[in-house]
Amino acid sequence: MSGPAAVTAFAPASVGNVGPGLDIVGLAVEGPGDEVRAEWTEGRGIRILDPGHPELPHETERHASGLAALAVLRRAGVTPDRGIALRIRKGLPLSGGQGGSAASAVAGAVAVNALLGSPLDRSALIEACLDAEEAVAGRHADNVAPALLGGIVLLRALDPLDLVQLPVPPDLFVVLVRPDQRMRTAEARAVLPREVPRAVALHQAAQVGAMVAALAAGDYELLGRAMDDRIAEPVRAGLLPGFAEAKAAALDAGALGSSISGSGPTAFALARGRERADRVAAAMVASHTAGGRRAESVVGAVDRRGARLMSDGSERP
């Protein structure tokens, strides 16, 4: 076992459930993310010295980064003769619908894997992160996969894991708007219907197919038309005050499409070009402000790199 004395890894924000892609399509967003520093220390086992937020646990078995680190050791078959200390920097909001737990898990897994000399490949790292996510937010990879791999990812299957990285049109920008609200994944999943009518299932499948075709062809208009979720959005919208108005404002401002990011409360919109994306973000925030709610926005291209190690304050692949 050989590796550096300490490493820091970064994992970006992500949008899960992209439009109709409930649990099966996710994308990474340039800009915000979580960082995890892993370093050798005295003793044995994995300890969390800084969980990244006062409300997050110090216990390794309850923190996404700690769980992912443990999964890396287990899958690598390694029992270090030294301890590993983790320090987390949360750049993503708690229960914010921006893939925060996935980013912490991915950054933790990448950092510890590098500390061990990189025994796991990326497929094994995704499996390790899925182990962590299952304990925190349920077994789904639509945030984990893009946070690790970057880009836009289709989850064809979980058992065995089968991922497809989709093309990213060059001028595609993502808008994230988060109102001053939290939404636990468990709460948002509880309102999902246990069964859906055949017509709804067929419509949803057609939209996912159209989204894949649009990305492959660089057809922005088709991509916008495909952002039509009739399973999760209708039932979750009632949990998110102001979402419907913000979505309408986004479309009026020129967004290709808009929906709920993950479980919410963040809403996302897709736009062609940075200038239009900025207008969409401003319109969505103004909609919340008009309703008496505070909201903040992030605008970024699709992050094509995914998780990476940091060196001397700079990123490296």
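Long hydrophobic helices in the chain: the complete DSSP H runs spanning 15 Å or more by Cα along their own axis with mean Kyte-Doolittle hydropathy of at least 0.5 are 64-76, 100-115, 198-217.
Here the chain is treated with +1 on each Lys and Arg Cβ and -1 on each Asp and Glu Cβ, and its dipole about the Cα centre works out to around 160 debye. Here the accessible area is traced with a 1.4 Å probe on the protein chains. For region 1-76, carbon and sulfur cover 47 percent of it. Calculate the FRET efficiency for Glu61 and Thr41 from the Cβ-Cβ distance with a Förster distance of 22 Å, rounded to the nearest 0.05. Plugging the Cβ-Cβ distance into 1/(1 + (r/R0)^6) gives 0.75. Per-residue ellipticity at 222 nm computed for the chain from its helices equals -11000 deg cm²/dmol, with DSSP H segments shorter than 4 residues left out and the rest contributing -39,500 (n - 2.57).
Counting 0.36 nm for each residue step from Val191 to Asp171 and taking away their Cα separation leaves a gain of 3.7 nm. Accessible area per residue for region 83-167, computed on protein heavy atoms with a 1.4 Å probe, is 30 Å². Normalised by 2.2 N^0.38 Å, where N is the number of residues, the C-alpha radius of gyration of the chain stands at 0.97. Among beta bridges from DSSP that stay inside the chain, the antiparallel ones total about 95%. For region 1-91, a crude dipole built from +1 on the beta carbon of Lys and Arg and -1 on the beta carbon of Asp and Glu, taken about the Cα centre, is about 220 debye to the nearest 20. Annotation: extensible slack from Arg198 through His53 equals 47.8 nm (criterion: 0.36 nm per residue apart, minus Cα-Cα distance). Modelled spin-label separation between Val235 and Leu161, with each label point placed 7 Å from Cα along the Cα-to-Cβ direction: 2.8 nm. Bridge orientation summary for region 1-124: considering DSSP beta bridges with both residues in this region, about 80 percent are antiparallel. Estimated from the Cβ-Cβ distance and a Förster radius of 51 angstrom, the FRET efficiency linking Asp219 and Ala6 is about 0.65. 3J(HN,Hα) couplings calculated from phi for region 43-48 with the Karplus curve 6.51 cos²θ - 1.76 cosθ + 1.60 (θ = phi - 60°) are, in sequence order, x, 10, x, 10, 10, 9 Hz; Gly and Pro show x.
Applying the criteria of a DSSP loop state and at most 15 other Cβ atoms within 10 Å to the trypsin sites (Lys or Arg not before Pro) of region 118-190 yields Arg139, Arg182, Arg184.
The values are calculated or read from the model by the stated rules, or taken from the named source; none is laboratory data. Please read these numbers as outputs of a predicted model, since none were measured by experiment. Using ideal geometry, Cβ is built from the backbone for each residue, glycine included, and neighbour counts are taken over all protein chains shown. Note: accessible area is taken over every heavy atom of the protein model, side chains too, but ligands, DNA and RNA are not part of it. Shrake-Rupley method; radii C 1.70, N 1.55, O 1.52, S 1.80 Å.
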